[in-house]
Every structure is written in C-alpha cells, then in structure tokens.
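Remarks on the structure that follows.
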Amino acid sequence: MTTYNWDLIERLLHEVQNGEGSFAPRKYAEQEAAEKATAGEPTGNLDALKKTAADYEALLFKRGFIESRPEEEGGNGENFILTPLGAQLLALIDSSIPGNDHPRQVLDEQADALDPTTFAEVASKAQIA
C-alpha cells in the first residue's frame, strides 16, 4: 500500500494552481517544513522531504494531475496547470475545507490512491467528501 504526504501534495497543487512562474518543488518543501516547525509540528528530514517533493512533481505529471502550462498561457516548460483530475484531488484534500481528514483517510486505504483509475473511482463516490 502506497502512502502519501497529503500536506505536501496539497502544497504542490496549490502552487501549481496559483503559480505562473517556474515550479520549484524543493523550495515548496522547505516552506512547508518551516511552517510546520513554526507551528511546533515535527518536520522530519528536510533533504528527504525535498526529494519527496521532486518525486511527487514527477508522479503528479506522469499520472495526469498536472500538465505543462501551454505557451499561449505563459508556459515556459518549467511551470504547470492543474488538470481536471488535479483540481478534483486538490478539492478532496484541501485542508482549508472542513472535514478534509475523511477523504485523506479513504485515499490512504487504497493500494495506490494516485493511480488515476483508482483515484477516479474513489473520488466519484459521494460518501468520500
């Protein structure tokens, strides 16, 4: 069973959603760790978190949650946009939405929640939200 750092994935998806510049997953991992440390939460190994963020970027791209921003929208080969699948994932795991723990728990119960077929099946169930 594959488990994911949903807080980090949420951060990456928000950066894709809000960003026009170059996507920098390692920098976002540093920021995430700094925010957790400020809140008194454990941060773990920063180098490992940075590697995980870079791995998540590749995984989210490969599995169709993000895609390269088109040139006509300011794409430069180093920035992304959310796909409909990515927007759906962000909506499920967004910590600013009350009750986001249940969707994360349901996703964690899957063999691989970010497998596109598995994700689409789980996300389509009304009871997840």
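So if I check each of GLY64, GLY19, which one is surrounded by 12 or more Cβ atoms within 10 Å (Cβ to Cβ), modelled with pLDDT under 90 and over 19 Å from ARG104 (Cβ atoms)?
Just one listed residue meets the conditions, GLY19.
Please work out which residue is surrounded by the most Cβ atoms within 10 Å (Cβ to Cβ), limiting yourself to the stretch 22-50 and to residues that are closer than 28 Å to GLY75 by Cα and free of Cβ contacts under 8 Å to residues at least 12 places away in the same chain.
Filtering first and then ranking leaves ALA24.
Of all residues in the stretch 1-44, how many are touching a Lys or Arg at 6+ places or on another chain (Cβ under 8 Å) and assigned to a loop (DSSP other than H, G, I, E, B)?
Of the residues in that region, 3 qualify.
The values are calculated or read from the model by the stated rules, or taken from the named source; none is laboratory data. Since the model is a prediction, treat every value here as computed from it, not as a measurement. All Cβ positions, even for glycine, are placed from backbone atoms using ideal geometry, and neighbour counts span all protein chains on display.
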